[in-house]
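Structure, as structure tokens:
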Amino acid sequence: MIVPLFNKRKTIDGVKKLKRITRSTVLILETAESLGIKWEKINYTDLFKLSYQNEVKYFHAQVPSTTTEFAYYCCNNKRISKNLLEQAGLSVSKGYLIKTDDSQEYRLSLFADLQKPVVVKPVDDFQGRNVYLNLKTAAEFLHAGQEIYDHYGQKKVDLLVEQMFFGDEYRILATREKILSVIKRLPANVTGDGVSTIEALINLKNHQPIRQKIGTYNLIEVDDQINTFLKNQQFDLQTILPIQKTIFLRPHSSLDISLGGDTIDVTDQIHPSVAEIVQKIMNCVPGLALTGIDYMTKDIQSQQTTDQYVVVEINSSPSLDWNEFPLQGPHRHIAFEFLKIMFPNLVNVEDKVVSGKTVE
């Protein structure tokens with residue numbers, strides 16, 4: 001029997017009954033069922049139990065039970081993970097830690113020591129939240145910090161301020177043994193056909209089959225930011241773009257994909273030195289079974305010198321669905337690889353998973 005994963009999404013009764021479950025977790029559970037792995041949710045928790053051939057494993061979010069508490073802690077604290085990366089000789093952006101009780105005078109001295117523009121983000125937030133980019137003035141820098149403090153309310157939060165690196169942005173998924181997938185992340189964009197308006201091109205893109213079927217990609221929603229960004233480029237929604245002319249609808253941000261952006265699989269195009277860097281990253285965080293690396297480079301197909309790339313962040317609970325189903329490029333079996341971390345003998349049935357389908 002052949003069961004297309006595209007058509008299975010959100011249809012398995014057990015998965016459908018669960019509430020507040022991420023798309024990546026749905027993907028893991030569906031793939032587990034297709035491979036004969038039994039699962040159950042532990043009551044009153046976000047833990048899932050997996051049973052296969054007399055073995056029992058657990059996972060939470062996208063963290064397999066083989067990831068240690070130490071590794072999880074290090075990845076969740078951007079200051080610690082950055083220090084580990086730097087100590088391993090990896091390229092990271094120059095920056096400083098800002099404590100909650102640091103004086104404004106001290107904060108401004110840190111800002112003055114960095115090349116502009118800078119990025120400000122909380123030390124222990126995730127999924128690109130509360131990240132402020134392209135800050136060029138002291139007023140913008142102080143305002144961004146205050147916005148983050150206001151978001152956290154009474155909770156104390158430390159910040160990182162870093163120099164911005166300009167290059168293409170990638171998400172690399174890797175285990176301790178290998179790279180699983182590399183995707184290039186782009187802000188929302190459209191490409192002209194010589195006859196359609198920008199508004200019509202947005203509508204066409206929102207109706208791409210992959211955006212409609214699997215629920216991984218958000219639609220492009222026209223808002224004030226898009227209108228302003230178009231205006232700054234001397235365009236509006238009724239502009240007709242020439243054939244093959246591509247324009248961005250939003251500035252780059254840490255939320256590119258969440259705001260209708262694109263993913264392009266480039267796994268087979270990376271330079272071998274990228275794999276060497278990924279291996280160093282895995283080695284510098286003991287106990288890290290799976291990671292999502294936010295990586296920027298000026299050219300991912302050339303030798304990666306220290307001035308050409310930066311490791312932005314490493315994540316112990318990365319989203320899987322963007323890498324499994326890129327908007328451009330082949331389907332990668334990421335959920336299968338996630339399960340194989342915990343059940344290595346799944347390698348014997350890998351040939352059953354073909355082109356987004358499970359063959360029995």
Are there any pairs, at least 6 apart or on different chains, whose C-beta atoms fall under 7 Å, with the first in the stretch 314-341 and in contact (Cβ under 8 Å) with a residue 40 or more places away in the chain and the second among the basic types (Lys, Arg), and if so, which? Asp321/Arg23; Trp322/Arg171; Asn323/Arg171; Asn323/Arg332; Glu324/Arg332
Near pairs, Cβ below 7 angstrom, 6+ apart or cross-chain, from the stretch 42-53 (closer than 17 Å to Leu27 by Cβ and modelled with pLDDT of 95 or more) to any residue that is surrounded by 10 or more Cβ atoms within 10 Å (Cβ to Cβ) and basic (Lys, Arg): Phe48/Lys41; Leu50/Lys57
Could you count how many residues in the stretch 298-322 are more than 22 Å from Val131 (Cα to Cα) and either part of a strand (DSSP E or B) or among the polar types (S, T, N, Q) (or both)? 7
Test of understanding: among Val120, Val131, which residue is over 25 Å from Glu221 (Cβ atoms) and surrounded by 18 or more Cβ atoms within 10 Å (Cβ to Cβ)? Val120
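Take the conditions within 26 Å of Val56 (Cβ to Cβ), of a type in the set (D, E, K, R) and in contact with a Ser or Thr (Cβ under 8 Å, 6 or more places away or on another chain) and apply them to Asp321. Does it pass?
yes
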Any residue that is part of a strand (DSSP E or B), over 29 Å from Ser258 (Cα atoms), out of contact with any strand residue (DSSP E or B) (no Cβ under 9 Å at 6 or more places or on another chain) and at pLDDT 90 or above - is there at least one of those in the stretch 30-41? no
I'd like to know if the stretch 170-184 contains one or more residues that are modelled with pLDDT under 95 and of a type outside the set (D, E, K, R). no
Within the stretch 89-112, track down each residue that is surrounded by 12 or more Cβ atoms within 10 Å (Cβ to Cβ) and of a type in the set (D, E, K, R). Lys94, Lys99, Asp102, Arg107
Regarding the stretch 186-200, can at least one residue be identified that is surrounded by 13 or more Cβ atoms within 10 Å (Cβ to Cβ), within 30 Å of Thr25 (Cβ to Cβ) and either out of contact with any Phe, Trp or Tyr (no Cβ under 8 Å at 6 or more places or on another chain) or among the β-branched types (Val, Ile, Thr) (or both)? no
Please work out which one of (1) modelled with pLDDT of 95 or more; (2) surrounded by fewer than 23 Cβ atoms within 10 Å (Cβ to Cβ); (3) in contact with a Lys or Arg (Cβ under 9 Å, 6 or more places away or on another chain) is the condition Lys340 fails and give its number. (3)
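The values are calculated or read from the model by the stated rules, or taken from the named source; none is laboratory data. Computed from a predicted model, the values in this text were never measured in an experiment. Positions of Cβ are backbone-derived with ideal geometry, glycine not excepted, and every protein chain shown enters the neighbour counts.
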